[in-house]
Each structure stands twice: as C-alpha cells, then as structure tokens.
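First comes the structure, then the notes that go with it.
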Amino acid sequence: MPLLLPQVSRREFLKRAALAGAATALAPASFAGIFGNARDQHTFAFFSDPHIAADAALKNSGVNMADNLAACVRELAAWPVKPAAVIVNGDLPFKSGLPEDYAMFGKLIEPVRALAPMHLSLGNHDERENFWQAFPHDATKLKTVPHKQATRFASARANLLLLDSLDVTLATPGELGAAQLEWLARELAARPDKPAIIVGHHNLQAPGGPAGLKDSAALEEVFARHRQVKAYIYGHTHNWHVETHASGVQLINLPPTGYVFKEGRPSGWVRCALARDGAEFELRSLDAKHAEHAQVKKLQWRTG
Ligand SMILES: [Zn+2]
C-alpha cells in the first residue's frame with residue numbers, strides 16, 4: 001500500500017522539531033496553529049510532483065522545489081481546518097529516487113505529520129526500495145499487489161483508491177498492470193454504493209498527448225463498468241486542469257508543488273472538500289496573483 005504515515009502527537013512533533021534544530025523550517029513557532037484547528041472529515045489536501053533533491057538549494061527551471069514544498073506545507077498548517085488526510089501523489093524525489101532525496105522530502109513534510117495522516121504514492125521518478133527504506137518506522141509495508149502499492153481508505157462520503165502507476169524509474173509512461181487492475185475491480189465490486197475516487201500518478205493516454213498510462217484503456221473500462229467511480233485524480237503532467245471524461249468521470253490533474261513544464265502554469269496544492277453528490281477542488285497557487293489561484297471547481301458526480 002502507499003505508505004501511510006500516521007499522524008504524530010504534539011509531544012512527538014515538538015521533540016522531532018527540537019532535534020531538527022530551531023533554525024529549520026520545522027521550528028515550532030512557524031506552525032503555531034497546527035494543533036489548535038478542528039478537523040474536517042470531508043476535507044483532503046492533495047500535493048503532487050514535489051521533486052525534492054537532497055540539496056535543498058537545488059533549482060530546476062528556475063524553481064527551488066524545497067522552498068515550494070515548504071511554502072505549501074506552511075499554508076496547509078495555517079489552514080482554518082485540518083484535513084482528514086494529506087495525499088502526496090508521486091514523484092517525491094528530484095529525478096531517480098536517491099535515498100538522500102527521500103531524507104530531505106521526509107524533513108520537509110514533517111510538519112504535515114503533526115497535522116493529519118499522510119498517504120504517499122509513487123511516480124516515474126520514484127524508486128520503490130529507496131522509498132520503502134526512507135520511512136522504516138512509519139511504513140506499512142503490506143503490499144496488496146506484489147511489487148505494487150495499492151490501497152483503499154474510506155471517508156464518510158467516498159472510498160479513495162490509491163494506485164501505483166510507477167512502471168520503470170525514469171521511464172516516463174506508467175502502468176497499473178493486470179494484478180492491480182484485478183485488485184481494483186474486486187475492491188469496487190465489493191462496494192458498489194459509495195462514491196469511489198481513484199488516485200494515480202499518471203494521466204490517461206490521449207492520442208498525441210503526453211506519455212501516460214500504458215493501460216489507460218483498462219482503467220477506462222473500470223470507469224464504464226463501475227458507476228460509483230466518480231473521479232480520477234492524477235499528477236505527472238505538472239499541469240493543473242479539470243475536465244469530464246466521456247464516461248462522466250471527473251478528471252482532476254493536480255498541479256506540481258515543484259516546477260511546471262509550461263511557463264505560466266501554476267504550481268501549488270489542491271484543497272478538496274467532498275459533498276454528498278460531488279466535490280469542490282480549489283487550486284492553492286503558490287503565486288497568489290496567478291489568474292487561477294483560489295478558483296474553486298465545483299464538480300457534480302455522475303449519477304447511477
Ligand atoms: Zn513529476
């Protein structure tokens with residue numbers, strides 16, 4: 001399953017922050033509100049494509065990825081409500097998934113650990129063994145599907161199914177694979193009545209579009225067969241975008257917290273609030289002047 005990092009206690013957080021040193025981004029004073037806010041069981045925070053390098057000063061495309069992630073974390077920590085969970089949807093490390101990259105990523109997300117449970121998943125720049133070893137005390141290493149990490153967790157208004165579309169590290173396309181697709185079909189068949197949201201790193205492969213899921217057609221068959229699937233949330237293209245699939249499933253392409261591929265596109269994170277019959281997704285751009293910043297997409301789930 002994607003690594004579930006359980007929430008840490010206030011006491012544990014302060015201890016870790018003290019060990020990390022007051023000069024770091026973990027200084028408790030930076031996160032004064034972290035323990036005081038109420039939790040909203042219908043709110044989720046989505047981060048994607050942080051691309052964190054061991055060297056926190058490293059820039060790519062003119063962007064300091066560590067600074068960007070730290071800024072997203074600060075905003076989330078100051079948010080008026082705590083989310084039910086925080087999902088980081090793949091491409092955690094800069095390029096090839098070095099152990100030192102994961103160590104820096106772990107440091108930067110530490111304040112989130114005090115806020116909510118976190119789910120981490122894998123993209124094409126992740127490396128499974130290094131990923132599993134990066135969080136040895138927190139990792140739930142049970143693998144539902146051999147060599148893949150897939151998990152389901154339930155919230156009051158939806159089941160979230162987190163998939164692993166990493167095929168080969170540093171190869172751009174992704175693949176779910178037959179075993180994981182069978183697992184997904186079984187999970188959905190067992191829970192036909194509650195809305196289901198599928199989360200994976202890679203985009204559906206569109207003709208002429210950016211390299212995405214090699215087995216997109218199989219996932220689209222899942223959309224057709226299981227009507228309770230209402231949304232597919234993914235990253236990979238570093239391009240915030242929302243559209244409706246021909247099946248009526250909502251497609252939510254998360255922005256990167258790191259760098260964008262196309263100048264002018266926003267980076268940041270996404271707040272999701274589940275309603276009974278849909279959800280709203282709000283872009284939290286790191287550039288508050290970006291035209292799409294704070295735009296809320298109110299999505300209605302397909303029926304029946
Ligand atoms: Zn990426």
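The values are calculated or read from the model by the stated rules, or taken from the named source; none is laboratory data. Here the structure is a predicted model, which means the values were calculated and not measured. Please note: Cβ atoms are built from the backbone with ideal geometry, for glycine as well, and neighbour counts cover all protein chains shown.
Looking only at region 243-264, which residues are within 13 Å of the ligand (Cβ to nearest atom) and in contact with a strand residue (DSSP E or B) (Cβ under 9 Å, 6 or more places away or on another chain)?
Listed by number, the residues that qualify are 253, 254, 255, 256, 257, 258, 259, 260.
Given the structure, is residue 84 over 25 Å from residue 197 (Cβ atoms) and aliphatic (A, V, I, L, M)?
The answer is no for residue 84.
Scan region 85-92 and give yes if some residue there is in contact (Cβ under 8 Å) with a residue 12 or more places away in the chain, closer than 23 Å to residue 252 by Cα and more than 16 Å from the ligand (Cβ to nearest atom), otherwise no.
Within region 85-92, one or more residues are in contact (Cβ under 8 Å) with a residue 12 or more places away in the chain, closer than 23 Å to residue 252 by Cα and more than 16 Å from the ligand (Cβ to nearest atom).
Residue by residue through region 205-242, note down the ones that are part of a loop (DSSP other than H, G, I, E, B) and within 16 Å of the ligand (Cβ to nearest atom).
Within region 205-242, 209, 210, 211, 212, 235, 236, 237, 238, 239, 240 meet the criteria.
In region 55-81, which residue that is within 20 Å of the chain's Cα centre (by Cα) and closer than 15 Å to residue 106 by Cβ is nearest to the ligand (Cβ to nearest atom)?
That would be 65.
State the number of residues belonging to region 151-186 that are over 17 Å from residue 203 (Cα atoms) and in a loop (DSSP other than H, G, I, E, B).
The number of residues fulfilling the criteria is 4.
When region 265-285 is examined, which residues are found to be within 16 Å of the ligand (Cβ to nearest atom) and either closer than 17 Å to residue 302 by Cα or in contact with a Gly (Cβ under 9 Å, 6 or more places away or on another chain) (or both)?
Of everything in region 265-285, just one residue is within 16 Å of the ligand (Cβ to nearest atom) and either closer than 17 Å to residue 302 by Cα or in contact with a Gly (Cβ under 9 Å, 6 or more places away or on another chain) (or both), namely 267.
Can you confirm whether residue 208 is over 26 Å from residue 186 (Cβ atoms), without any contact (Cβ under 8 Å) to a residue 60 or more places away in the chain, out of contact with any strand residue (DSSP E or B) (no Cβ under 7 Å at 6 or more places or on another chain) and not aliphatic (A, V, I, L, M)?
yes
Please go through region 36-54 and give me each residue that is among the hydrophobic types (A, V, I, L, M, F, W, C) and away from the ligand (no atom under 16 Å from the Cβ), ordered by number.
Hits for region 36-54 are 38, 44, 45, 54.
Out of all the residues in region 127-146, is one or more over 29 Å from residue 8 (Cβ atoms), of a type outside the set (A, V, I, L, M, F, W, C) and surrounded by fewer than 17 Cβ atoms within 10 Å (Cβ to Cβ)?
yes
Against the conditions (1) more than 21 Å from the chain's Cα centre (by Cα); (2) modelled with pLDDT under 95; (3) assigned to a loop (DSSP other than H, G, I, E, B), where does residue 31 fall short? Just the number, please.
Here residue 31 meets the rest and fails (3).
Considering only residues of region 1-28 that are closer than 30 Å to residue 184 by Cβ and in a loop (DSSP other than H, G, I, E, B), which is modelled with the lowest pLDDT?
Restricting to residues being closer than 30 Å to residue 184 by Cβ and in a loop (DSSP other than H, G, I, E, B), the top hit is 1.
Can you give me the ranges of the helices (runs of 4 or more DSSP H) entirely in region 47-124 with at least 3 residues that are at pLDDT 95 or above?
65-78, 99-108
May I ask you to verify whether residue 130 is closer than 18 Å to residue 285 by Cα, assigned to a helix (DSSP H, G or I) and not hydrophobic (A, V, I, L, M, F, W, C)?
Here the answer is no, as residue 130 does not meet what is asked.
Every residue in region 82-129 that is under 13 Å from residue 258 (Cβ atoms) and under 13 Å from the mean Cα position of the chain (by Cα), please.
Of everything in region 82-129, those that are under 13 Å from residue 258 (Cβ atoms) and under 13 Å from the mean Cα position of the chain (by Cα) turn out to be 88, 89, 90, 91, 92, 123.
So residue 226 ticks every box in (1) in contact with a Pro (Cβ under 6 Å, 6 or more places away or on another chain); (2) under 17 Å from residue 163 (Cβ atoms) but one. Which box is left unticked?
If we test residue 226 against (1) in contact with a Pro (Cβ under 6 Å, 6 or more places away or on another chain); (2) under 17 Å from residue 163 (Cβ atoms), just (1) comes out false.
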